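The values are calculated or read from the model by the stated rules, or taken from the named source; none is laboratory data. In this text, all values refer to a predicted model and were calculated from it rather than measured experimentally. Here Cβ is always computed from backbone atoms with ideal geometry, including for glycine, and neighbour counts include all displayed protein chains. Calculation scope for accessible area: heavy atoms of the full protein, side chains included, ligands and nucleic acids excluded. Shrake-Rupley method; radii C 1.70, N 1.55, O 1.52, S 1.80 Å.
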Amino acid sequence: MIQLNNNMWNVGSDVSEADVRTILEANNTAVQQLRRLHSGWDCYVFLLNETQIVRVAKRQNVAARMREEVRFLELLQGQFDIAVPEYKLAIECSIAGGLIGSYPLIIEAEIAQNLNSLKAIADVVKFCSGFHKIYQKHDIDLNNTFDLIEFRQVANDALKKIWGHLSPDVQHLLSKVFTINIDESDSLQACIHNDLRPAHILQSASQIAVIDWTDLAWAEPWQDFLWLWMYWGDSLYPILSKYYQGWNGNWNKNIAVVGLWKCALEYCYGLQTNDNEKIRVAKSALNRVIAKPRHPIYREFL
């Protein structure tokens, strides 16, 4: 097993359906049905009465971020075409991280598929351009900051751990990209979702929803699109170009470089957790760059 030295893996004891039922009923919530859906990085997720999503923070720092998430989502309600969760409960408790939150299930999400079209991506980017600007107008006390210097170091540590799993071409690509300097200052221009992966963007015939806002952070806005770049590559740039007309900076270069740092990190996480999807996505993004290095910064050494 490949182990990264960070607190992501420091998870407390498991949480059962009985634990959650007890706390919900003690807070005047009727429980007819309760079943566990899955366990993510930060939260245990349950389905209550087939109508409510219940999330239990795994750690105290996650509970702190969930409290910020609740405040954040209150500001977004009704302002955009894309749906976001609307928390109905936020219960302080003694299990796991110390907080249980619940919000109504977005009904159409039951039949929704993950992000699968450039049109949907364009809608999501337009949505991001809106909520990024909202957070310039509000005094939001977020504890989390996307620290590029720290991210680079963690990703570089991950690269060392996965090195033996990589082909010579990929080793060459990543060894070069980790030597590229970008502006690592964080000017705190926007509040970003910070985990905008396709699994958190649901779409049906008539609706798009963005879920799981626990990793909210202050950061440069381009950092919100690293996951989408991993899936869509350079086809994302024309969509982002319109958005970034109002922002300064080398956003496309930054995504091209930091996106590959993220590939190394996600590859490592995939090996650590036996998550074949993470490995597949990271490999696909790396191989796409090698096969067709469109960005000038890649063509310098490929």
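If I filter the stretch 200-207 for residues that are open to solvent by 10 Å² or more (accessible area, probe 1.4 Å), in a helix (DSSP H, G or I) and not aliphatic (A, V, I, L, M), do I get at least one hit?
Looking for residues that are open to solvent by 10 Å² or more (accessible area, probe 1.4 Å), in a helix (DSSP H, G or I) and not aliphatic (A, V, I, L, M), one finds at least one in the stretch 200-207, hence yes.
Please return the ranges of strands (runs of 3 or more DSSP E) entirely within the stretch 12-59 where 3 or more residues are touching a residue at least 40 places away in the same chain (Cβ under 8 Å).
The strands (runs of 3 or more DSSP E) meeting that bar are 43-48, 52-57.
Among (1) at pLDDT 90 or above; (2) farther than 17 Å from Ala155 by Cβ; (3) surrounded by fewer than 17 Cβ atoms within 10 Å (Cβ to Cβ), there is one condition Pro221 misses while meeting the rest; what is its number?
Going through the list (1) at pLDDT 90 or above; (2) farther than 17 Å from Ala155 by Cβ; (3) surrounded by fewer than 17 Cβ atoms within 10 Å (Cβ to Cβ), Pro221 breaks only (3).
Select from the stretch 122-171 the residues that are modelled with pLDDT of 85 or more and among the basic types (Lys, Arg) and write down the one among them that is farthest from Val257 (Cα to Cα).
Ranking the candidates gives Lys133 first.
Among the residues of the stretch 260-302, which ones are β-branched (Val, Ile, Thr) and under 15 Å from Leu173 (Cβ atoms)?
Answer for the stretch 260-302, where residues must be β-branched (Val, Ile, Thr) and under 15 Å from Leu173 (Cβ atoms): Val289, Ile290, Ile297.
Evaluate the following for Ala190: is it open to solvent by less than 40 Å² (accessible area, probe 1.4 Å), touching a Leu at 6+ places or on another chain (Cβ under 8 Å) and either of a type outside the set (Ser, Thr, Tyr) or within 25 Å of Asp141 (Cβ to Cβ) (or both)?
Answer is no for this residue.
With respect to Gln223, is the statement that it is touching a Phe, Trp or Tyr at 6+ places or on another chain (Cβ under 6 Å), within 30 Å of Val54 (Cβ to Cβ) and among the polar types (S, T, N, Q) true?
Yes; evaluated as a whole, the condition is true for this residue.
State all residues of the stretch 286-299 that are in contact (Cβ under 8 Å) with a residue 40 or more places away in the chain and either touching a strand residue (DSSP E or B) at 6+ places or on another chain (Cβ under 7 Å) or not aromatic (Phe, Trp, Tyr) (or both); if no residue qualifies, say none.
Within the stretch 286-299, Leu286, Asn287, Arg288, Val289, Ile290, Arg294, His295, Ile297 qualify.
Would you mind telling me which numbered condition in (1) open to solvent by less than 20 Å² (accessible area, probe 1.4 Å); (2) part of a helix (DSSP H, G or I); (3) in contact with an Asp or Glu (Cβ under 6 Å, 6 or more places away or on another chain) Thr214 fails?
Every listed condition holds for Thr214 apart from (2).
Here are some conditions: (1) open to solvent by less than 80 Å² (accessible area, probe 1.4 Å); (2) touching a Lys or Arg at 6+ places or on another chain (Cβ under 9 Å). Asn143 meets all but one. Which one does it not meet?
(1)
What residue, among those in the stretch 70-121 that are part of a loop (DSSP other than H, G, I, E, B), surrounded by 15 or more Cβ atoms within 10 Å (Cβ to Cβ) and under 18 Å from the mean Cα position of the chain (by Cα), is modelled with the lowest pLDDT?
Looking at the filtered set, the residue picked out is Leu115.
Any chance you could count how many residues in the stretch 230-289 are among the small types (Gly, Ala, Ser), assigned to a helix (DSSP H, G or I) and open to solvent by 20 Å² or more (accessible area, probe 1.4 Å)?
So the count comes out to 4.
Of the residues Val45, Val31, Val15, only one is modelled with pLDDT of 90 or more, closer than 30 Å to Cys268 by Cβ and either touching a helix residue (DSSP H, G or I) at 6+ places or on another chain (Cβ under 8 Å) or surrounded by fewer than 18 Cβ atoms within 10 Å (Cβ to Cβ) (or both); which?
Val45
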